[in-house]
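For reference, the structure discussed in these notes is given below.
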Amino acid sequence: MGKIKTHGRNRNLVLGICWAILLFGLFSAQPSYIWSGFLLLNLYAFWLTGTDKRSAKAGSFRIPERSLMTVSALGGALGMLIGMKTYRHKTQHAKFQYGVPAFLIVQFVVAIAAYRYLG
């Protein structure tokens, strides 16, 4: 099996687990699960950024930009942004410079709405 297929399957598994935890928290009105889901998503995004940076330096398999943006859009924008700053990775790409902060703003608005809904 190719590295792209394996990466895609693993990415989808991690996203599915994180979102299952998050949605369980939302439907059971337990904020700790919601925050746990977001925390896991952001840790994963941070890890992906660092992994891609190390791969770029080593000249090996790279994580597709599409995957990085997907994880960012689905809840990992803060982790991606911190990873971009920490590893100095993807900071010169316009889609990351503007897309990740835009996703982060949307995610904060959703988080505030969820807090008010549950609160």
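Based on what the data block shows, is SER28 within 13 Å of GLY75 (Cα to Cα) and hydroxyl-bearing (Ser, Thr, Tyr)? Considered against the rule, which asks whether it is within 13 Å of GLY75 (Cα to Cα) and hydroxyl-bearing (Ser, Thr, Tyr), SER28 comes out as no. For the stretch 64-74, a residue qualifies if it is open to solvent by less than 20 Å² (accessible area, probe 1.4 Å) and either touching a residue at least 60 places away in the same chain (Cβ under 8 Å) or over 13 Å from the mean Cα position of the chain (by Cα) (or both), and the qualifying residues are SER67, VAL71. I'd like to know if the stretch 55-63 contains one or more residues that are at pLDDT 95 or above, open to solvent by 40 Å² or more (accessible area, probe 1.4 Å) and either within 16 Å of TRP19 (Cβ to Cβ) or among the hydrophobic types (A, V, I, L, M, F, W, C) (or both). No - not one qualifying residue is present in the stretch 55-63.
The rows are residues; the columns are (1) open to solvent by less than 30 Å² (accessible area, probe 1.4 Å); (2) of a type in the set (Ser, Thr, Tyr); (3) out of contact with any Asp or Glu (no Cβ under 9 Å at 6 or more places or on another chain).
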site	(1), (2), (3)
SER32	no, yes, yes
LEU40	no, no, yes
ALA77	yes, no, yes
MET84	yes, no, yes
ARG88	no, no, yes
ILE105	no, no, yes
ILE112	no, no, yes
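Residue-level check: of (1) farther than 21 Å from VAL106 by Cβ; (2) of a type in the set (Val, Ile, Thr); (3) at pLDDT 95 or above, THR51 misses just (3).
The values are calculated or read from the model by the stated rules, or taken from the named source; none is laboratory data. What you are looking at is a predicted structure, and each value in this text was computed from that prediction instead of being measured. Here Cβ is always computed from backbone atoms with ideal geometry, including for glycine, and neighbour counts include all displayed protein chains. Each accessible area value is taken on the protein alone, full model and side chains, heavy atoms only, with ligands, DNA and RNA left out. Shrake-Rupley method; radii C 1.70, N 1.55, O 1.52, S 1.80 Å.
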